[in-house]
Amino acid sequence: MAAVLTRRSVLSALGVGLGVVLVGCDSDPDPTVTTATPGPKPPGEPADPTAAGPADTPDTAALLLALDRARHLATRCRAITGAEGWRLQTQEQVQVALDEQARVLEEVLRAGAVAVPEPTSPPAGSGDTAGSTDAGTATGSPDTSTGTGDVSPTGGDAAQDTAAVAAERAATELLGLGEDCLQDVSPTALTALTEVSAANLPMLLSVAGQRGAAAQLLGQEPQWEVLEGPTGAPAAELLDAFRPAVYGFEVLAARARGEERAVYERVLTPLRQATRQITQLAGESASPAPLGYGLPGGTGSPDGRARLAGELLAVLPPTIMLQTTDLAGDRASVAGSVRLLADAVRLARPWNALTAFPGMQVPGA
């Protein structure tokens, strides 16, 4: 097990494309970062006015669309106020991820000498404002829901009522944001992702995985297609991370009690299902499953078990991302990798924060 939690080498460089320096990341706290081969224009080199224009730069349209989507979702997320508890925590993590995606995508486009459009304010009636309108219709306006003094005679009660209405409205708007995220994992979006070049596919696939996870964390459920890829050796590689995760969560569930045990079991069930599916996809390339794995110490306390749970699940995204440069043009493998990545991020949410590029890292960020 230790060999899985502390990987022997950094994952190969990923997501270069127009000059981005997104690379595969390790589960170690401070992995060594290797910079990938530059894209059409090496970072730092001035643009050549006689060189190919933006229309000739690979994946320009896909990257511009990804930037537009990141900005749109970030604006919509930022407009939501009043969330409480786990919804507020989720909203904050989604906001940070969306802002980071927009920043990186802008840098990628500029590195490829592509003009980056200025952010635009959403027009009236757009998706960025629809959430508030729908929420008001569903929950009632603050004036009618709070009672404004007639029902709540004290200022304290009125403030509590107002906060409750705001929280209810925010919950509805966050559901709408999650529904918006589903657009990026729709069959149409996944087909378009298949057409992206190998240079930019890892980065955009990681973004899609983040959107699928965000949608689920915000209360929406993607209509995933049947898992049909990756297959063969790539699927067998995934088993090196999924099998230990299943074993580890079996141990964690056995050593925990009550609600803590229920939390581990809720993760264990989908992990087992995914591992069975991946094993079938690997076919003859899958090696026999080991009888057991050596687990690190410290699982005798809730804190130690929580730490191990986070470590087990932190290995899954980079393992999924490791092979994505080879998936260009393979729709089944692209769609399957997005689904596996989204589910891995969602399952890890109790222990690991949602990030902008699951399974990857931005050096210097």
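A few notes on this one:
- Matching entry among Arg305, Arg266 (being surrounded by 21 or more Cβ atoms within 10 Å (Cβ to Cβ), among the basic types (Lys, Arg) and under 18 Å from Trp351 (Cα atoms)): Arg305
- For Ser197, the criteria (1) crowded, with 19+ Cβ neighbours inside 10 Å; (2) more than 26 Å from Arg78 (Cβ to Cβ); (3) of a type in the set (Gly, Ala, Ser) hold in every case but one, which is (1).
- Selected residue [over 29 Å from Ser301 (Cα atoms), among the charged types (D, E, K, R) and free of Cβ contacts under 8 Å to residues at least 12 places away in the same chain] from Glu221, Glu237: Glu221
- A Cβ distance below 6 Å, combined with a sequence gap of six or more or placement on separate chains, defines the contacts here; from the range 242-264, residues that are free of Cβ contacts under 8 Å to residues at least 24 places away in the same chain and part of a helix (DSSP H, G or I) reach residues that are aromatic (Phe, Trp, Tyr) and surrounded by 19 or more Cβ atoms within 10 Å (Cβ to Cβ) in the pairs Ala253/Tyr264.
Read-outs: derived from the displayed coordinates by stated rules, not from any lab. Predicted model only: the values in this text are computed from it and were never measured. Reconstructed Cβ throughout: ideal geometry from the backbone, glycine too, with neighbour counts over all protein chains shown.
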